[in-house]
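Since the structure comes first, as structure tokens, the remarks are kept for the end.
The values are calculated or read from the model by the stated rules, or taken from the named source; none is laboratory data. All values derive from a computational prediction rather than experimental measurement. Don't worry about glycine lacking a Cβ; one is built from the backbone with ideal geometry, like all the others, and counts go over all protein chains shown.
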Amino acid sequence: MTFTGISEQEVDRAYDSLKNDALDGGYRLNPDAEFVKNLIRGLLKNEQRYGYRACPCRLASGKMEVDLDIVCPCDYRDSDIEEYGACYCALYVSEAITDGTRKVAPVPERRPPRSQRGTMKERAVQTVAVGGGTTFGSLPFPVWRCKVCGYLCARDQPPGICPVCKAKKDRFERFL
Amino acid sequence: MTFTGISEQEVDRAYDSLKNDALDGGYRLNPDAEFVKNLIRGLLKNEQRYGYRACPCRLASGKMEVDLDIVCPCDYRDSDIEEYGACYCALYVSEAITDGTRKVAPVPERRPPRSQRGTMKERAVQTVAVGGGTTFGSLPFPVWRCKVCGYLCARDQPPGICPVCKAKKDRFERFL
Amino acid sequence: MTFTGISEQEVDRAYDSLKNDALDGGYRLNPDAEFVKNLIRGLLKNEQRYGYRACPCRLASGKMEVDLDIVCPCDYRDSDIEEYGACYCALYVSEAITDGTRKVAPVPERRPPRSQRGTMKERAVQTVAVGGGTTFGSLPFPVWRCKVCGYLCARDQPPGICPVCKAKKDRFERFL
């Protein structure tokens with residue numbers, strides 16, 4: 001496989017697209033545009049190399065089914081933004097970072113070692129037949145409800161911003 | 001605390017941002033732009049005064065945890081649009097209002113008196129252990145499903161427009 | 001009822017609106033803009049004739065309650081995009097079509113005959129009282145969860161793109 005150079009135009013286009021998607025979904029890119037574009041170069045290089053945008057700050061295996069959790073945005077982004085104010089790469093950051101009320105600090109690796117990754121599946125819900133109906137085993141994630149618009153999502157914590165009505169995190173309540 | 005004046009530029013910026021968020025989420029601002037900008041001045045003044053955008057048509061306490069339900073958009077907006085065609089301030093309105101097929105009329109206060117507000121939490125779902133699984137007590141809100149795209153939300157009534165695929169209210173069905 | 005002509009300006013406006021809504025929700029219009037505009041002419045004509053945008057490739061009855069499932073976007077769009085790469089009209093297509101890695105092919109009619117349409121409702125969930133709580137009968141659709149952002153939706157298959165965070169289909173897991 002030969003690598004073709006990545007033009008500045010491609011980087012700029014990917015930057016605009018990533019930024020729009022982030023804003024639409026209630027996410028925020030790191031305000032340092034040059035820093036972000038460097039990460040985008042890594043993403044585009046990985047896309048050429050592997051066929052998917054593996055996280056530029058982690059070592060990809062090259063096997064998509066093994067790397068699926070670190071295709072950007074990774075499965076760990078939202079928990080890292082919640083706890084550390086930024087994802088592992090600091091590509092996505094919290095409002096406190098863009099506001100300047102918090103500084104970006106190193107984010108420890110949340111991805112479990114490969115031998116333990118399979119066990120994530122065991123968090124999956126188990127349905128149990130009860131008296132002709134179906135009852136659910138413990139849910140793998142709590143379900144949160146936006147009190148403003150009724151949006152539902154299943155995550156460890158509610159999102160920073162409701163992707164539907166843009167209400168802030170404190171407007172969410174536990175639903176299930 | 002001193003109040004700084006609110007510039008027309010700030011009002012215009014807030015107006016554009018509110019309008020975009022409204023359209024993205026399937027909501028509509030009052031078509032009278034001057035009326036809306038006046039409400040926005042109230043919102044921005046409250047933000048300076050309290051640190052959050054309390055409803056400009058209600059008396060805020062100044063304690064965020066007490067006022068959380070009336071931070072704009074308030075917890076009552078969607079039910080008021082549903083029943084009266086507009087929120088309490090008439091900042092957000094129904095399609096019938098923007099179409100001109102319905103007129104804005106006074107909206108009675110839906111917010112419960114303070115002594116009764118705590119009881120809202122008692123609507124929250126209670127999980128009950130049944131035979132090793134989990135079953136749910138009565139859900140605090142029905143869950144609606146968009147028949148076009150599968151979007152789920154928990155509200156008294158389905159939304160006027162699906163925020164994901166823009167299908168209208170009559171395409172929703174009760175899911176849970 | 002008299003039909004007024006549909007101006008090119010109206011067609012263009014409807015095209016822009018449809019395209020924006022599609023992109024926002026993770027959908028894609030057929031890349032052939034002239035083909036799409038022809039379908040839009042049919043939609044606008046149906047809107048004049050019946051008062052709603054019935055599918056331009058099917059025979060509408062003129063009774064909204066009977067045609068609700070074929071108001072565009074129809075209830076069958078997502079399953080057809082999933083299975084055939086395009087909706088019945090080929091107005092909406094899959095990424096593989098816009099990429100050019102798959103060609104548009106005829107899509108068989110998925111809409112059940114009228115006599116069987118009522119039975120769809122029998123798929124609806126039935127709640128069963130169990131030991132003071134509520135348990136659910138079999139869910140009419142599986143609930144899928146985006147592993148990146150926690151978005152939940154109830155459909156036969158997960159969507160091609162998460163409407164909230166734009167993660168691809170393979171990032172969804174069965175939740176309920």
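Is there a residue being in contact with a Lys or Arg (Cβ under 7 Å, 6 or more places away or on another chain), modelled with pLDDT under 95 and not in a loop (DSSP other than H, G, I, E, B) anywhere in the stretch A:9-23?
Within the stretch A:9-23, one or more residues are in contact with a Lys or Arg (Cβ under 7 Å, 6 or more places away or on another chain), modelled with pLDDT under 95 and not in a loop (DSSP other than H, G, I, E, B).
Please tell me if residue A:22 is in the same structural domain as residue A:69 (by TED's automatic domain parsing), within 22 Å of residue A:101 (Cβ to Cβ) and surrounded by 15 or more Cβ atoms within 10 Å (Cβ to Cβ).
In short, yes.
Which helices (runs of 4 or more DSSP H) does the stretch B:24-116 wholly contain that include 2 or more residues that are among the acidic types (Asp, Glu) and closer than 26 Å to residue B:162 by Cβ?
B:77-84, B:95-99
How many of the residues in the stretch C:156-174 are in contact with an Asp or Glu (Cβ under 6 Å, 6 or more places away or on another chain) and of a type in the set (Asp, Glu)?
Adding up the residues that qualify gives 0.
Please enumerate the residues belonging to the stretch A:20-44 that are among the aromatic types (Phe, Trp, Tyr) and within 14 Å of another protein chain (Cβ to nearest Cβ).
If the condition is that a residue be among the aromatic types (Phe, Trp, Tyr) and within 14 Å of another protein chain (Cβ to nearest Cβ), then A:27 is the only one that fits.
In the stretch A:82-95, what count of residues is obtained for those that are surrounded by fewer than 18 Cβ atoms within 10 Å (Cβ to Cβ) and hydrophobic (A, V, I, L, M, F, W, C)?
Qualifying residue count, the stretch A:82-95: 0.
Yes or no, residue by residue, for (1) within 13 Å of chain B (Cβ to nearest Cβ); (2) touching a strand residue (DSSP E or B) at 6+ places or on another chain (Cβ under 8 Å); (3) surrounded by fewer than 18 Cβ atoms within 10 Å (Cβ to Cβ); (4) of a type in the set (Val, Ile, Thr):
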residue	(1), (2), (3), (4)
C:14	yes, no, no, no
C:17	yes, no, yes, no
C:46	no, yes, no, no
C:51	yes, no, yes, no
C:54	no, yes, no, no
C:57	no, no, yes, no
C:62	no, no, yes, no
C:77	yes, yes, no, no
C:80	yes, yes, no, no
